[in-house]
Amino acid sequence: MPQRLLAPGLGLLLLVLLEYSGLGTVLANNGLDLLFQLRGPRQPEQRLVLIGIDEPSLQHHGAWPFPRTLHAQLLDRLREARAVGFDFLFPEPAAGDDQLSRAMAAGPPVVLTVARAYDGQLLPPTATLSGQAGAGHVETLLSGDGIVRRFRPDALDGVPAFSRALLETAGLAAEGPAAGPLIINFYGPEQTFLFLSYTDVLAGRHPPAFFRDRLVLVGARAVGLGDAHVTSYTRLHPTPGVEIQATIISNTLERSFIRPLPLAPILFVGVVCVLALFVWPVTGERFNLALNLGLVAVLLAAALVLFRSHRFLDFLPVLAMLFLTYLAHLFRQLLWAAGRILGEVRRLARELDAGLQQVCTSIPEPFIRAPARDRGVTLAGIQRHLDRLQAAVNALSLQHHFLDDLLKKELPPLILWERTSGRPVFANTAFVRFWQRFTGETQAPLPTSDTFRAALGNHQAESDPADAPAGADPAAPCVDVEVRDDSGLRRYLQVRRHRLQATDVPFSGTLAVFQDVTELKELERVKDEVVSIVSHELKLPLTTILGYGEMLAMTLDGAPRQYAGEICSQSRRLNRMIEDFLDIARLESGRQRVRRYPFPPGRMLEDAVAGVAPRSRAKEIDIVLEQPERTSPLIGDESLLLQAVLNLLDNGVKFSPAHTTITLSLVEEPERFVITIADQGPGIPAAERQAVFDKFQRGTQTGGAEGFGLGLHLVRQIIGLHDGEIAAVEAEAGACFRLTLPKRSDSEMEDVRGEEEKTGEESDGEG
């Protein structure tokens with residue numbers, strides 16, 4: 001029984017530590033935020049309308065604060081509203097107070113804001129305005145992590161809460177607790193309520209009838225005004241203070257504040273203690289694990305159901321207690337099992353000592369009367385040898401099972417024949433299944449080497465390495481064999497045969513390993529057909545469309561000409577996508593021939609700059625080329641490398657703003673060439689600098705520019721064919737790509753020249 005108290009005792013100790021350390025409050029707040037996210041957004045009170053002082057309002061009316069005459073004009077637009085609340089301060093007299101006071105007297109009921117200053121004093125509205133309007137405080141409570149989750153409904157120095165004052169002014173019942181912090185029931189992220197722009201309402205874009213019988217809140221929405229707080233829904237984008245006040249008002253009208261349930265966690269804690277004391281110790285671990293997972297699911301489901309009914313169950317501390325309690329129970333079980341195992345080991349050791357004593361009785365007496373040092377070696381050494389022998393047997397057994405499972409289950413189909421007789425010696429399970437399926441017989445015997453050769457027909461390799469003399473290279477190339485099974489379906493096998501010669505045993509055999517690659521062949525065929533269709537069936541209509549579009553653009557005027565120009569632009573865009581797709585397909589399939597020859601890299605960069613010159617001039621972008629006067633030749637395919645640099649420059653022109661500069665530089669180092677392209681565009685975040693080179697991947701900073709995510713992938717393929725590297729590196733502004741291409745030695749230069757001459761001769765002969 002004392003051991004059973006270990007698990008619940010540790011769990012209760014954890015709860016006490018959480019309560020007195022403040023971690024319990026942190027867990028409760030995080031649990032509250034999690035329940036909001038799981039519940040999802042809700043529809044707020046529809047009688048509330050928010051008028052926000054946003055960025056367009058600041059641009060139109062000037063810096064904050066606005067003249068109070070504007071607020072007076074706004075009240076005239078809101079004359080049919082039920083009540084209006086201003087969620088900003090009027091602490092000091094200013095020009096226009098008289099006009100605003102008259103507007104308050106003539107318009108709907110108005111409630112102004114009272115806030116606490118840094119010294120703790122309240123800042124009421126000016127005397128001129130307070131005589132015509134009510135007042136309420138907007139004080140909310142910040143948690144330790146700076147998030148607004150609760151507010152104070154009680155009065156501050158006789159000033160009621162803003163929500164209560166507004167509802168009472170509007171003649172609506174403001175029932176609910178008048179004291180104590182309340183949990184705000186947020187409806188969703190920012191802009192959940194209906195937001196109207198201050199300048200739009202002032203300009204009369206919304207008729208006065210729109211505000212009839214509605215509660216209107218006027219407050220700051222622009223980021224620069226600083227009236228925003230983080231809530232349970234908005235950790236990244238703070239919610240305007242006026243929307244938080246709207247949430248409190250809506251909660252008051254709906255009576256939907258979140259109320260904590262203090263007794264429910266105690267109930268679950270009691271359940272955990274009962275399980276740890278009476279259930280876990282007497283049941284199996286699988287049952288205990290399933291029971292614990294079920295309890296977690298019940299706790300989470302209960303918390304979510306109660307939360308939808310405006311009740312808060314603080315479940316995270318209970319989950320922490322459950323986790324620690326169950327770990328303590330498992331630890332106690334392990335200690336008990338270890339004690340049993342240790343006791344059994346000691347019993348076996350005693351039996352082994354007794355057996356060794358019996359063995360020693362048959363040893364000649366001179367050995368028994370050996371010195372104590374030798375006698376210790378005799379008794380303890382025998383035990384050590386026995387332990388080593390048992391360990392060796394276990395190791396051999398493990399190796400046997402490992403090799404057996406590896407050969408029969410994990411490896412591809414294989415069969416081993418004895419060389420002289422051709423009889424099968426071993427075949428794994430994969431080969432047996434394949435052979436039975438191939439022959440159509442469930443009890444088909446294993447084939448001999450001759451039977452296997454006959455099944456392959458005339459598709460044998462001309463020189464079979466398995467038949468090579470001893471000492472030759474046993475590795476055999478893969479042989480693609482086309483065969484037909486018993487149903488007449490065509491299949492493709494990839495077969496490899498090599499000679500197996502044992503060293504410790506007089507054995508010589510032939511091992512055949514093969515794999516069914518029919519699906520791979522079919523995929524290659526489909527891929528070739530797709531590439532052919534894209535190349536021939538799409539490019540021809542696109543060329544026709546582009547030609548007719550250009551003719552129409554030259555002959556039409558006005559809007560039709562613009563439409564024809566758009567047809568041409570989209571046709572060129574689609575044609576570029578097809579070209580990139582075909583280039584990538586050729587590169588990945590190995591059909592693209594790389595012609596390596598020496599050329600000056602500066603010439604390639606000049607051609608690249610000339611290629612993007614029309615597009616750069618259209619945006620007034622300067623391209624600065626920085627290169628040394630003389631460089632060593634670069635060995636590679638100039639056309640492919642030019643395509644790669646053109647893609648990077650074209651991206652720089654596409655994503656860079658007008659009137660900026662793109663820098664293209666070439667640096668020759670002892671072992672490599674370094675080409676750098678730097679622009680002044682939006683740049684690439686550090687987290688995306690590797691992913692942008694993947695197929696169909698585009699950066700998040702493209703700003704809606706056209707593209708398919710193929711260009712950078714194509715550049716990486718081209719640079720990889722030249723044994724180079726490409727990387728997006730950090731830059732002060734914009735994006736920066738660095739290409740590194742290795743330099744070749746003199747011998748490599750001679751080999752390249754020889755290949756170039758040979759290629760030229762072949763071309764002359766074909767001509």
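Out of the strands (runs of 3 or more DSSP E) lying entirely within region 55-152, which hold 2 or more residues that are surrounded by fewer than 15 Cβ atoms within 10 Å (Cβ to Cβ), touching a strand residue (DSSP E or B) at 6+ places or on another chain (Cβ under 7 Å) and at pLDDT below 90?
Details: elements: 83-86, 110-116, 134-137, 140-142, 147-151.
So the answer is 140-142.
Is there a residue in region 98-119 that is among the aliphatic types (A, V, I, L, M) and without any contact (Cβ under 8 Å) to a residue 12 or more places away in the chain?
Checking region 98-119: at least one residue is among the aliphatic types (A, V, I, L, M) and without any contact (Cβ under 8 Å) to a residue 12 or more places away in the chain.
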Practice item. Enumerate the pairs (first residue in region 40-61 and within 24 Å of L215 (Cβ to Cβ) and in the same structural domain as S232 (by TED's automatic domain parsing); second residue anywhere and surrounded by fewer than 15 Cβ atoms within 10 Å (Cβ to Cβ) and not basic (K, R)) with beta-carbon separation below 6 Å, excluding pairs fewer than 6 apart on the same chain, so at least 6 apart or on different chains. Key: V49/L194
Review point. Only one residue in A733, A727 is modelled with pLDDT of 65 or more and either in contact with a His (Cβ under 8 Å, 6 or more places away or on another chain) or surrounded by 13 or more Cβ atoms within 10 Å (Cβ to Cβ) (or both), so which one is that?
Key: A727
**Study point:** Residues (touching a strand residue (DSSP E or B) at 6+ places or on another chain (Cβ under 6 Å) and assigned to a loop (DSSP other than H, G, I, E, B)) located in region 415-455
**Key:** R419, N428, L446
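Give the number of residues within region 262-291 that are at pLDDT 80 or above and not aromatic (F, W, Y). Can you show your working first?
Going residue by residue through region 262-291, those that are at pLDDT 80 or above are 286-287, 289-291.
Adding the requirement that they be not aromatic (F, W, Y) leaves 286, 289-291.
Qualifying residue count, region 262-291: 4.
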Study note, to complete from the structure: Within region 604-640, the count of residues that are crowded, with 17+ Cβ neighbours inside 10 Å and of a type in the set (D, E, K, R) comes to 2
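Could you grab me the full set of residues in region 643-664 that are part of a loop (DSSP other than H, G, I, E, B) and surrounded by fewer than 20 Cβ atoms within 10 Å (Cβ to Cβ)? Don't jump to the end; show me each part of the working.
From region 643-664, those part of a loop (DSSP other than H, G, I, E, B) are 656-660; that's our starting set.
The answer is P657, A658, H659, T660.
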Review point. Applying the selection to region 488-533, what residues are surrounded by 15 or more Cβ atoms within 10 Å (Cβ to Cβ) and either at pLDDT below 70 or touching a Gly at 6+ places or on another chain (Cβ under 6 Å) (or both)?
Key: L500, V531
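Only one of these is modelled with pLDDT under 75 and not assigned by TED's automatic domain parsing to the domain that holds N185: G294, G355. Name it.
G355
The values are calculated or read from the model by the stated rules, or taken from the named source; none is laboratory data. These numbers were taken from a predicted model, which means no experiment stands behind them. Using ideal geometry, Cβ is built from the backbone for each residue, glycine included, and neighbour counts are taken over all protein chains shown.
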